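Participant: What follows is a structure written as structure tokens; I'll ask about it next.
Computed from the coordinates by the stated procedures, all read-outs in this text should not be read as laboratory data. Because the structure is predicted, anything quoted here is derived from the model rather than measured. Ideal geometry is used to build each Cβ from the backbone, glycine not excepted, and the neighbour counts take in all protein chains shown.
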Amino acid sequence: MRLTQILSPDLPQQDLIATHPNWTRADFNRAVFRLSGRLKTANVQTAALWFDDAALFACAMLAVWHSGGRVLLLPNLAQDNLDWGRTADVFLTDSEDLQSKLGCQTEQRDESGQTLDVQSNPPVWHPARFTCTHAA
């Protein structure tokens, strides 16, 4: 199946792709496209992924692929894998464990939604905080 088929608007848009909370295909697709646009705008070529939530993982992976980027899937949070992940332009995660192991903060925004300058190399983005309605 091609990426364009997975995200096709011709598929039933009200179908649930995740529950607790409910996340429809339409909402999921919008989240993928928003994150993809954000990655393109930031000129992200490579993203390291580590997720606890499977729906957010799928959203992030599809967004990176849609943006033309490359995905690094960390097999675990061992130091050598974290070092490999640091070769990416950005970490995408929903994991507090990863954030604490990296010793960095997640991306911060002001009241108007503008990104604040937070020093982390590479930056850590939490997709649910700026794209996905799925996560609580």
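Participant: Just need the relative contact order of the range 23-97 here, percent rounded to a whole number, with Cα pairs under 8 Å and 6+ apart.
Facilitator: Working: 97 pairs, mean separation 29.3, N = 75.
With pairs under 8 Å counted, the relative contact order is 39 percent.
Participant: Efficiency by 1/(1 + (r/R0)^6): what FRET value for Leu77 and Phe33, r their Cβ-Cβ distance, R0 = 35 Å, to the nearest 0.05? Spell out each step's value before the answer.
Facilitator: Working: r = 29 Å, r/R0 = 0.84.
Rounded to the nearest 0.05, the efficiency is 0.75.
Participant: Please compute the modelled spin-label separation between Lys40 and Asp97, points set 7 Å along Cα→Cβ, answer in nm with one decimal.
Facilitator: Here the answer is 3.5 nm between the modelled labels.
Participant: Between Thr87 and Ala26, what's the calculated FRET efficiency when r is the beta-carbon distance and R0 is 30 Å? Round to 0.05. Don't jump to the answer; show the numbers that get you there.
Facilitator: Details: r = 35 Å, r/R0 = 1.16.
Computed FRET efficiency for Thr87 and Ala26: 0.30.
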